[in-house]
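Trainee: Below you'll find the structure I mean.
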Amino acid sequence: DDAACEAGAFAGQYCATVTEFGPDGLVSVKNVDRYAAHLKREGCAGVFVNGTSGEMMSLSVSEREALAEAWKKAGDAHGLKVIVHCGCDAP
């Protein structure tokens, strides 16, 4: 079954990430790689991006995409699995 996943696919501790904003109030991805390295050093197996701190309701699609892309790149670089929340408020 294509929908099934391995028993240990999501084993370990996952961190709900916090989104950084710059002094201008815009989303910033400049520290995502550093944040990912820290979480890996602390023993996290993966991260949950764009959903725990209300991002799905307060960020645009392009901002959420930029965060997802930055976390995917950082996750690959540091051996973290990345789960991206993709829900949003319907108009």
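Trainee: Between C86 and R41, what length comes free when the chain is fully extended (0.36 nm per residue of separation minus the Cα-Cα distance, one decimal in nm)?
Mentor: 13.5 nm is the gain from fully extending C86 to R41.
Trainee: With +1 on the Cβ of every Lys and Arg and -1 on the Cβ of every Asp and Glu, and nothing else charged, how large is the dipole of the range 4-69 about its Cα centre, in debye rounded to the nearest 20?
Mentor: Rounded to the nearest 20 debye, it is 220 debye.
Trainee: Then there is this: Helix 61-78 versus the longest principal axis of the chain: what is the Cα-based angle in degrees, 0 to 90, to the nearest 10?
Mentor: 40 degrees
Trainee: Also, quick follow-up: How large is the direction-averaged shadow of the alpha-carbon convex hull of the chain, in nm²?
Mentor: On the way: hull surface 28.7 nm².
If you wrap the Cα atoms of the chain in a convex hull and average its projections, you get 7.2 nm².
Trainee: Could I ask something else about it? Enter the angle in degrees (range 0 to 90, nearest 10) between the Cα long axis of helix 32-41 and the first principal axis of the Cα atoms of the chain, meaning the one along which they spread out most.
Mentor: Around 30 degrees separate the two axes.
Trainee: Where the eigenvalues come from the Cα gyration tensor of the range 38-91, what are the semi-axes √(5λ) of the equivalent ellipsoid, largest first, in whole Å?
Mentor: 23, 11, 8
Trainee: What does the convex hull of the Cα atoms come to per residue for the range 1-42, in Å³?
Mentor: Values: hull volume 4.9 nm³, N = 42.
Hull volume normalised by residue count: 116 Å³.
Trainee: What number comes out for the charge environment of Q13, summing +1 per Lys or Arg and -1 per Asp or Glu over other residues with Cβ under 14 Å away? Please report the intermediate quantities before stating the final value.
Mentor: On the way: positive: K40, R41, K81; negative: E42.
With Lys, Arg at +1 and Asp, Glu at -1, the neighbours total +2.
Read the figures in this text as sums done on the coordinates, not as results from a lab. From a predicted model like this one, the values you see are computed outputs, not experimental measurements. Glycine gets a Cβ as well: all are built from the backbone with ideal geometry, and neighbour counts include every protein chain shown.
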